[in-house]
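Trainee: Have a look at this one before I ask anything.
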């Protein structure tokens with residue numbers, strides 16, 4: 001149990017808002033074991049020892065999609081800190097989201113780590129319109145409007161704070 005004044009260990013994370021040439025966003029899914037709901041989220045994961053956010057974002061792209069040599073764009077969103085428990089340890093998660101635009105391609109998940117193979121149930125490319133009509137849980141929260149603004153207005157001058 002963590003007391004209110006205790007500092008939680010940090011889990012720094014880099015995520016990628018990966019858009020193809022048709023402005024579709026790649027998301028991965030995981031099923032909630034408690035209620036069966038489906039949650040969709042961007043490419044990405046935790047920083048490894050000594051990695052920068054940008055290095056982690058590029059590594060995660062290789063591992064989760066098979067893409068290498070991607071020109072990583074600017075940080076567009078910064079996640080409001082939240083907590084998660086892994087292996088009995090509660091962490092404070094801090095995420096940075098980077099934009100990357102790529103030609104349409106077939107996703108290759110063969111380099112998934114064991115934890116990803118166990119948790120991720122699928123992936124798909126989404127349009128902003130499809131995101132706006134789904135009843136599944138999307139991360140970050142407000143993803144349809146965030147994506148719509150990103151496509152319409154381009155990258156913000158400074159990262160926008162998002163939930164999740």
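Trainee: Just one of (1) more than 20 Å from residue 61 (Cα to Cα); (2) at pLDDT 95 or above trips up residue 98, so point out which.
Mentor: Unmet for residue 98, out of (1) more than 20 Å from residue 61 (Cα to Cα); (2) at pLDDT 95 or above: (1).
Trainee: Here is a follow-up. In segment 128-139, which residues are surrounded by 16 or more Cβ atoms within 10 Å (Cβ to Cβ) and either touching a helix residue (DSSP H, G or I) at 6+ places or on another chain (Cβ under 7 Å) or more than 20 Å from residue 58 (Cα to Cα) (or both)?
Mentor: Within segment 128-139, the first condition is being surrounded by 16 or more Cβ atoms within 10 Å (Cβ to Cβ), and the residues that meet it are 128, 131, 137-139.
Within segment 128-139, 128, 131, 137, 138 qualify.
Trainee: If you don't mind, another one. Counting residues that are over 16 Å from the mean Cα position of the chain (by Cα), touching a residue at least 40 places away in the same chain (Cβ under 8 Å) and surrounded by 13 or more Cβ atoms within 10 Å (Cβ to Cβ), which strands (runs of 3 or more DSSP E) fully inside segment 29-115 reach at least 1?
Mentor: On the way: elements: 38-41, 43-46, 75-80, 82-86, 89-101.
Of the strands (runs of 3 or more DSSP E) lying wholly inside segment 29-115, those with at least 1 residues that are over 16 Å from the mean Cα position of the chain (by Cα), touching a residue at least 40 places away in the same chain (Cβ under 8 Å) and surrounded by 13 or more Cβ atoms within 10 Å (Cβ to Cβ) span 89-101.
The values are calculated or read from the model by the stated rules, or taken from the named source; none is laboratory data. Please read all numbers here as calculations on a predicted model, not as lab measurements. A quick note on method: Cβ atoms are made from the backbone with ideal geometry, for glycine too, and the neighbour counts reach across all protein chains shown.
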